[in-house]
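Right, one structure below, let's go through it.
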Amino acid sequence: MLKDLNIPRMGSVENARMVAWRIDEGAPFQPGDVLYEIETDKTTTEVEAEEPGILARRLAAEGDEFKVG
C-alpha cells in the first residue's frame, strides 16, 4: 500500500520549501531515518520516518514549495 509523505505541521507556519532528499528512490527506511529536509521562514528541519517503508517515488524536487500538512 502506498502512502504519501506530508510536510509536518510546525506551529503557525503555512508553507515549506523542499531543501534536499536524504534517501534515494527505491531505498528502504526505518522509523527515525531522515527522509528529507525542509525550510520555512523560521527554520530548517529534517523530517524522520514514522514507520518503515520503501520510497517508491519522489513527487517533489529540491526547491519546490508546499503547503504544510
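The values are calculated or read from the model by the stated rules, or taken from the named source; none is laboratory data. Keep in mind that this is a model prediction, so the values were computed, not measured. Here Cβ is always computed from backbone atoms with ideal geometry, including for glycine, and neighbour counts include all displayed protein chains. Surface areas here come from the heavy atoms of the whole protein model, side chains and all, with no ligands, DNA or RNA. Shrake-Rupley method; radii C 1.70, N 1.55, O 1.52, S 1.80 Å.
One table, with the values for the structure above:
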item	result
Counted residues, region 54-69 - those being outside any strand (DSSP E or B), open to solvent by 80 Å² or more (accessible area, probe 1.4 Å), at pLDDT 90 or above and of a type outside the set (K, R)	1
Flag if E51 is out of contact with any strand residue (DSSP E or B) (no Cβ under 8 Å at 6 or more places or on another chain) and either in a strand (DSSP E or B) or at pLDDT below 95 (or both)	yes
Pairs with Cβ under 6 Å, 6+ apart, first in region 32-56 and more than 20 Å from K3 (Cβ to Cβ), second open to solvent by less than 30 Å² (accessible area, probe 1.4 Å) and modelled with pLDDT under 90	T40/V13; T40/A16
Pairs with Cβ under 9 Å, 6+ apart, first in region 6-24 and aromatic (F, W, Y) and open to solvent by less than 80 Å² (accessible area, probe 1.4 Å), second modelled with pLDDT under 90 and assigned to a loop (DSSP other than H, G, I, E, B)	W21/A60
